[in-house]
1. For residue 104, are the conditions met, namely being in contact (Cβ under 8 Å) with a residue 60 or more places away in the chain and assigned by TED's automatic domain parsing to the domain that holds residue 188?
2. Only one residue in 39, 15 is open to solvent by less than 20 Å² (accessible area, probe 1.4 Å), in a helix (DSSP H, G or I), in the same structural domain as residue 116 (by TED's automatic domain parsing) and more than 16 Å from the ligand (Cβ to nearest atom), so which one is that?
3. With respect to residue 50, is the statement that it is more than 28 Å from residue 188 (Cβ to Cβ) and either under 15 Å from the mean Cα position of the chain (by Cα) or not assigned by TED's automatic domain parsing to the domain that holds residue 101 (or both) true?
4. Across segment 44-70, which residue is nearest to the ligand (Cβ to nearest atom) among those that are in contact (Cβ under 8 Å) with a residue 12 or more places away in the chain and over 20 Å from residue 21 (Cβ atoms)?
5. With the requirement that a residue be within 16 Å of the ligand (Cβ to nearest atom) and either open to solvent by less than 40 Å² (accessible area, probe 1.4 Å) or under 16 Å from residue 111 (Cβ atoms) (or both), what does segment 156-177 give you?
6. State yes or no: is residue 153 away from the ligand (no atom under 16 Å from the Cβ), over 30 Å from residue 244 (Cβ atoms) and not assigned by TED's automatic domain parsing to the domain that holds residue 222?
7. Output the number of residues of segment 178-197 satisfying the condition of being open to solvent by less than 40 Å² (accessible area, probe 1.4 Å) and of a type outside the set (Val, Ile, Thr).
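The values are calculated or read from the model by the stated rules, or taken from the named source; none is laboratory data. Source: prediction; values computed, not measured. FYI the Cβ positions are ideal-geometry reconstructions off the backbone, even for glycines, and counts take in every protein chain you see. Each accessible area value is taken on the protein alone, full model and side chains, heavy atoms only, with ligands, DNA and RNA left out. Shrake-Rupley method; radii C 1.70, N 1.55, O 1.52, S 1.80 Å.
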Amino acid sequence: MKFSTIKFTQQDGYATLTLNRPDSLNSFNQAMHQEVRAAIKRTREDESIRCLLITGSGRGFCAGQDLSDREVSDPSQAVDLGESVEKNYNPLIRAIMGLEKPVICAVNGVAAGAGASIALACDIVLAAKSASFIQAFSKIGLVPDSGGTFNLPRALGLPRAKALALLGSKISAEQAEKWGLIWQSVEDDKLQEEALLLAQHFATQPTLGLGKIKLLLNESFNNPLHHQLELEKGAMQMLGQTEDYQEGVSAFMEKRKPEFKGK
Ligand code: T3D
């Protein structure tokens with residue numbers, strides 16, 4: 001598939017997906033939804049890709065839904081937003097959170113609406129110090145979608161999640177880091193470098209194990225302890241039979257650096 005709204009590259013064991021509609025702060029139109037879905041599918045299916053890095057081009061990360069695609073002057077032409085969420089945003093969040101490979105998000109500028117939710121669905125979020133996060137939904141009469149009502153309170157607790165979602169206030173990358181919403185805020189000119197270092201690191205790690213770590217942690221808030229213990233047992237049973245586990249233990253015993261294959 002040839003991409004026109006994103007850039008997708010793969011090298012050295014990781015893939016980079018760059019949202020690329022900078023004139024509208026990389027907001028999502030229908031073509032971008034299809035292309036992002038296709039890129040994540042490729043990431044999932046290609047064993048040589050062991051980590052996905054998502055970022056944006058230009059001064060923004062992503063401003064959520066492209067509002068110029070929404071007909072509001074004639075209600076008879078209005079898009080069914082429930083259908084849009086079901087067909088586009090929900091599958092996207094499931095694809096990111098369910099991908100059994102680490103997903104890094106390098107938030108290069110403002111992340112608003114579904115753009116903020118998409119960033120927060122990733123596993124490790126780095127943001128440039130000049131970047132910001134806005135729960136823009138309340139300003140146009142909507143609710144945080146794309147997992148916003150799920151991930152926000154889990155990261156921040158209810159009081160901060162409610163205030164941000166109800167007020168639609170902007171928070172800086174540094175504030176987001178202080179509150180535990182993201183992993184780190186970094187100097188603007190270091191963002192891509194730091195994100196690449198992480199991607200290169202994950203590209204050499206035991207991918208199957210990392211994939212299970214993220215799934216188990218993502219699920220942990222929904223399950224009672226006994227269920228989570230069962231999931232851990234199942235993952236350990238599976239991972240104990242992998243080449244990477246054998247390699248990790250052998251390398252430890254032989255006092256050498258492990259060479260993981262992601263198998
Ligand atoms: O509809 C469904 O399918 C349901 C699902 C919805 C999910 C959602 O994401 S709902 C939330 C949609 N997003 C927003 O409400 C955010 C709208 N954007 C903004 O509030 C502001 O642009 C920002 C706070 C993000 C950034 O502000 P600022 O001052 O830095 O930039 P700007 O001047 O507002 O935007 C720059 C350009 O990008 C501008 O175009 P222009 O005037 O230069 O030609 C602006 O119109 C365009 N732009 C920004 N966001 C969007 C957009 N164009 C279309 N859709 C956008 N979301």
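1. Details: in contact (Cβ under 8 Å) with a residue 60 or more places away in the chain: yes; assigned by TED's automatic domain parsing to the domain that holds residue 188: yes.
Taking the combined requirement at face value, the residue satisfies it.
2. Being open to solvent by less than 20 Å² (accessible area, probe 1.4 Å), in a helix (DSSP H, G or I), in the same structural domain as residue 116 (by TED's automatic domain parsing) and more than 16 Å from the ligand (Cβ to nearest atom) holds for just one of 39, 15, which is 39.
3. Values: more than 28 Å from residue 188 (Cβ to Cβ): no; either under 15 Å from the mean Cα position of the chain (by Cα) or not assigned by TED's automatic domain parsing to the domain that holds residue 101 (or both): yes.
No.
4. Ranking the qualifying residues of segment 44-70, first place goes to 44.
5. The initial filter retains those residues of segment 156-177 that are within 16 Å of the ligand (Cβ to nearest atom), namely 164-173, 175-176.
Within segment 156-177, 164, 165, 168, 169, 170, 171, 172, 173, 175, 176 qualify.
6. On the way: away from the ligand (no atom under 16 Å from the Cβ): yes; over 30 Å from residue 244 (Cβ atoms): yes; not assigned by TED's automatic domain parsing to the domain that holds residue 222: yes.
Yes.
7. If we filter segment 178-197 for residues that are open to solvent by less than 40 Å² (accessible area, probe 1.4 Å), which is where we start, we get 181-182, 185-186, 191, 195.
Applying the additional criterion that residues be of a type outside the set (Val, Ile, Thr) yields 181, 185, 191, 195.
Qualifying residue count for the region: 4.
Table: residues versus (1) under 17 Å from residue 85 (Cα atoms); (2) at pLDDT 95 or above.
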residue	(1), (2)
6	no, yes
28	yes, yes
32	yes, yes
35	yes, yes
57	no, yes
65	yes, yes
74	no, no
